[in-house]
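J.: Supplied in structure tokens, the structure appears directly below.
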Amino acid sequence: MPILLYAAVSLAYAGLAWHFWRTRWHGEAAAPLASWERAAILVPLALHGWLLYDVLFLVPELRFGFGYALSAMLWLTALLYAIESLFLPLEAMQALLLALGAVCAPLPALFPGLATPPLAQSFEFRFHTSLAMLAYSMFTMAALHAVLMTLQERRLHSHAMTGPLAGLLSALPPLLSMETLLFRLIAVGFALLTLTLGTGVVYSETLFGKAIPFTHKTVFAIASWLIFAALLAGRWLRGWRGRTALRWTLAGFVSLLLAYVGSRFVLEVILHRPSA
């Protein structure tokens, strides 16, 4: 376990989070990302990505526990934010995201997980896991947007806000732009979640002999899919927006988090049982 590499990634994220907190969460507007800042973000992202790729596809024995799940989710979220920042002024969100990355990056070293069953070592299962992480990352971004949009809405109604969040909220894009981006993230995440559930059915048929085993993971995953399906339908058919959309987004994200990270935490840390 390359513990020192994970620690280096965590410290790099933490240092960048501190930098963006000092430079972007104060004042009325955030300055655009400088070239050196974009390059600095890519350094821990590249090292973090290599460590996760090694675990998912290069090692002979897959040990993908809840620590790896959270670490992969935050890495993909940070990567997508870095790409997104090329088109939208999201500089003020870097501090929050990088701080979460600093917390989650070293989790694989602290909670390496238990060995998965032999059939779970296949490329098909690793591909299914990668799809799941992509979907969860999109919904992680959507949940972050929902929280920030809730704060933005409260700021508009109160007409004043002081403290460190004032600089963050003043530097964000307009609320309507954030809402458009939120539903774009949800739509992409929903498509990825649908593919994840589809490949999961095929994988489960091979491993367990039945397409949909009745487990906590399956129940919460399907519940999350239904919540996001209802949210997208409500947006398209009835024009859902504002607090209604934000509440459904957060409910779907919590359900999805319980489906994978929560179930793995209980199995591996509390019950000390491997999970697939």
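The values are calculated or read from the model by the stated rules, or taken from the named source; none is laboratory data. Keep in mind it's a predicted model, so treat the numbers as computed, not measured. Cβ placement follows ideal geometry from the backbone for every residue including glycine, while neighbour counts extend to all protein chains displayed.
J.: If you take the residues in the stretch 80-115 that are part of a loop (DSSP other than H, G, I, E, B) and without any contact (Cβ under 8 Å) to a residue 40 or more places away in the chain, which one is farthest from Val43 (Cα to Cα)?
T.: Phe87
J.: Of all residues being among the small types (Gly, Ala, Ser) and buried (at least 20 other Cβ atoms within 10 Å of the Cβ) in the stretch 219-244, which is modelled with the highest pLDDT? Just the residue, please.
T.: Ser224
J.: Another question about this same structure. Can you tell me which condition Glu124 does not meet? The list is (1) charged (D, E, K, R); (2) in contact with a Lys or Arg (Cβ under 8 Å, 6 or more places away or on another chain); (3) at pLDDT below 75, and all the others hold.
T.: Every condition holds for Glu124 apart from (2).
J.: Before we move on, is Glu179 of a type in the set (Asp, Glu) and at pLDDT below 80?
T.: Judged against the criteria, Glu179 is not a match.
J.: Taking the conditions exactly as written (surrounded by 14 or more Cβ atoms within 10 Å (Cβ to Cβ), farther than 30 Å from Met93 by Cα, modelled with pLDDT of 65 or more and of a type in the set (A, V, I, L, M, F, W, C)), does Leu185 satisfy them or not?
T.: Taking the combined requirement at face value, the residue does not satisfy it.
J.: Then there is this: Taking Ala69 as meeting all but one of (1) at pLDDT 85 or above; (2) surrounded by 18 or more Cβ atoms within 10 Å (Cβ to Cβ), write down the number of the exception.
T.: For Ala69, the exception is condition (1).
J.: Let me ask something additional. Residues in the stretch 29-54 that are free of Cβ contacts under 8 Å to residues at least 40 places away in the same chain and small (Gly, Ala, Ser): how many?
T.: Number of matching residues: 6.
J.: To continue, here is another question. Return the pair list, or none, for Cβ contacts closer than 7 Å from residues in the stretch 126-140 that are at negative phi and among the charged types (D, E, K, R) to residues that are part of a helix (DSSP H, G or I) and modelled with pLDDT under 80, at least 6 apart or on different chains.
T.: Note: pairs meeting the criteria are Arg126/Leu56; Arg126/Phe57.
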